[in-house]
Ligand SMILES: *Cc1c(COP(=O)(O)O)cnc(C)c1O
């Protein structure tokens, strides 16, 4: 469309697709589950938890019905009060979990190079009411866990990580999942390991793990009817765990494949002025849950929104993760006026970041075509702007 009459892709390219196991690998398990009559929180869930704990080299893994539920359960089980420091550059659910628990989210700015929570800003935001920090591994790229651990120790806080994007990420040579008090992974369809709806909490704290198992079961201890916690129904279904168990066999390969696909994007776009990428620190591995590019409108010639519009005409869908950022979401913006103008990095990234199509089984030639679309948008910027 930029040049010819036809879009680069005849049929719209998917933005994200779960990479799922072949149906025939699931048939026996499905039959087993149905015949056993145990369809939730049974042996497939325990096996899935064990497999994740082994993969991530962490003591405990607790399967839950979603990452949002997992975040709520962890906040509740840690008996947090007062204020929880979170990044403003994240998905709505990070903040929602804090608010649902009756706590106050305190928003901080991010690093421009990674989009991840800034440890310096965390220190500035600590007050006598602060009880926890919640980091996010943005797009699967680990946040600065060692600095956050230092702050946790120094100020006696809890450290929770919204690791929704980060199943398979590596931080300083170690799988992400063991650091802090707990990591919460999402297993929903746009994330790397998809089970339909689901989440996984990992922790090295066995006492916390026991509380979480009680808490995901209405606050009831096994075999008891008397609740000891204000729990939820946060259990995972057996079918989802079965999908997770089979999906895990593809996970490591998928993380590697996404890293290679991301490299393809980076090579394809790096010569264009005004396009930069998330910095991945040495010793770290991102999952590339999202392939985010940062667009400098002056150097590139078009701004993020205009580029998204041009690409959509080529049948290339994109996403503006995370716009609006937390303090500008409709539900929060009246209460969070205090942050207006106080989160410059977040606001800049939120208005210049564009996530491009990426899924684990995506074809390299499709990435080349997406890059072509972006290149022609840059080359023909003047024509595009004047014809708009
Ligand atoms: C997807 C996502 C969640 C929520 O995960 P669910 O499993 O859908 O509840 C939480 N935080 C972030 C950063 C996410 O991207």
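Per-structure values
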read-out: Over the chain: helical MRE at 222 nm, DSSP H runs n ≥ 4 each giving -39500 (n - 2.57), nearest 500; value: -12000 deg cm²/dmol
read-out: Candidates 251, 148, 329, ranked by Gaussian network fluctuation over the chain, Cα under 10 Å, top entry; value: 329
read-out: Cα-based shape type of segment 47-147, given that a ≥ b ≥ c are square roots of the gyration tensor eigenvalues and the cut on a/c is 1.5; value: oblate
read-out: Distance in nm between pseudo-label sites at residue 249 and residue 372 (7 Å out along the Cβ direction from Cα); value: 3.7
read-out: Computed label-point distance, nm, for sites residue 39 and residue 206 using a 7 Å Cα→Cβ extension; value: 3.5
read-out: Separation of the residue 153 and residue 225 label points, Cα + 7 Å toward Cβ, nm; value: 4.9
read-out: Choice from 20, 272, 192 with maximal GNM fluctuation in the chain (Cα, 10 Å cutoff); value: 272
read-out: Segment 212-268 and segment 13-84: distance between their alpha carbon centers, rounded to Å; value: 3
read-out: Global form of the chain, assessed from the alpha-carbon gyration tensor, a/c cut-off 1.5; value: oblate
read-out: R0 of 56 Å, Cβ-Cβ distance residue 50-residue 11: FRET efficiency to nearest 0.05; value: 0.85
read-out: For the chain, built as a Gaussian network whose Cα springs stay under 10 Å, the top-fluctuating residue of 178, 62, 30; value: 30
read-out: Rg in Å to one decimal, and Dmax rounded to a whole Å, for segment 177-335 via C-alpha atoms; value: 20.8, 65
read-out: Under 18 Å from the residue 127 label point (7 Å along Cα→beta-carbon), backbone N, segment 333-347; value: 333-343
read-out: Listed peptides 216-224, 357-365 by packing density, highest first (mean Cβ within 10 Å); value: 357-365, 216-224
read-out: Relative exposure of 322, 306, judged by other C-beta atoms within 10 Å (fewest first); value: 306, 322
read-out: Estimated FRET transfer efficiency when R0 is 25 angstrom, pair residue 363-residue 25 (beta carbons, to 0.05); value: 0.65
read-out: Segment residue 100-residue 218, extension gain: residue separation times 0.36 nm, minus the distance between their alpha carbons; value: 40.9 nm
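Every number here is computed from the coordinates shown, using simple stated rules; none is lab data. Treat the numbers as computed from the prediction; the structure is a model and nothing was measured. Note: ideal-geometry Cβ built from the backbone for every residue, glycine included; neighbour counts use all protein chains shown.
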